[in-house]
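A quick write-up on the structure given underneath.
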Amino acid sequence: MAAVRFVAIGDSFTEGVGDELLDGTVRGWADLVGQGWADALGAPIQYANLAIRGRLVWPIVEEQLEPALALRPTHLSFNGGGNDILRPNADIEHIADAFSRVLRRCDEEGVTLIVLSGANPSAQLPMGPVFQRRGDALSAAVLRRIEDRPDVIRALNWPDTELSRPRYWSHDRLHMNASGHHRVAARVLHAVGVEPPEEWWSPRIDHPAGPVGFAYYRQFVGPWVRRRVTGTSSGDGRVAKFAAWVERMPQ
């Protein structure tokens, strides 16, 4: 059995939305971490990813946590709450309580928890100041819950002002592009004690400019509003891309 067995749970951030490959599949920071970890160790690792886009934080915990722990991982990464704070009347403390639940279950199963905060897109979003305030509050609430736990691995992206620059974001301005996912992957690898390729911190990947003005609202904001009105999600009908272990060999 591989010495490192890494499973990721979460929403679109962890699924990898925004980092689409030529065949239309998504990659994302967690996939990059799986490969980068194997490369750094010079040994194979096991990797699984149960994240599904559009999920609120408590459905992530209720639907993904136990299947992830059933795989008997050594490390479990968790991020959530980004979709919650886009909703009116978001309850920050209730969202942050999900992190306490995940930590408790990881303790019970002897699994090392990797806590991530999402990257901050506020500067380029409609109603960005509202999202900024809620994201700041959520980050503080999560950190309070793990402040006395030096054994919890932290990969904190929300405070990273470099990662907030437009060049790290996809056309919808809400999900990171390949450059952003590489930078997050570099932070996670550094946090677990291995060094990523230096270029991952500031990748030079060409990203064509996205729509602006009304075209942006028509292509991205309108569909998001329709999903809220109809009670649907971008993740409806989707399944985890790696619900069981896949082996990552060093390259």
The chain, accessible area per residue, ligands and nucleic acids excluded (1.4 Å, Å²):
47
Loop-only check: which trypsin sites (Lys or Arg not before Pro) in the stretch 102-180 are DSSP coil with at most 12 other Cβ within 10 angstrom?
none
The stretch 57-169 -> Rg/Rh from Cα coords, Kirkwood Rh, value 0.98
Per its Cα gyration tensor (rounded if a/c is under 1.5, else prolate when a/b beats b/c, else oblate), the stretch 1-106 is best filed as oblate
The stretch 92-136-the stretch 184-206 distance, computed between alpha-carbon centres (Å):
21
Add +1 for every Lys or Arg and -1 for every Asp or Glu among the other residues with Cβ under 10 Å from the Cβ of GLY36, and state the total.
-2
Using Cα pairs under 8 angstrom and six or more residues apart, how large is the relative contact order of the chain, in percent?
27
Along the three principal axes, how long is the chain when you take its alpha carbons, biggest first, rounded to the nearest angstrom?
53, 39, 34
Name the most mobile residue of VAL33, VAL239, VAL142, meaning the one with the largest mean-square fluctuation, in a Gaussian network model of the chain with Cα contacts below 10 Å.
VAL239
Neighbour cut-off at most 15 other Cβ (10 Å), DSSP loop, GluC sites (Glu not before Pro), the stretch 99-167:
GLU147, GLU162
Given a 1.4 Å probe and every protein chain left where it sits, what share in percent of the accessible area of the stretch 62-194 is carbon and sulfur?
52
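The values are calculated or read from the model by the stated rules, or taken from the named source; none is laboratory data. Computed from a predicted structure; not experimentally measured. Neighbour counts are summed over all protein chains in view; Cβ atoms, including those assigned to glycine, are modelled from backbone coordinates with ideal geometry. We work out accessible area using only protein heavy atoms, side chains counted, and drop any ligands, DNA or RNA first. Shrake-Rupley method; radii C 1.70, N 1.55, O 1.52, S 1.80 Å.
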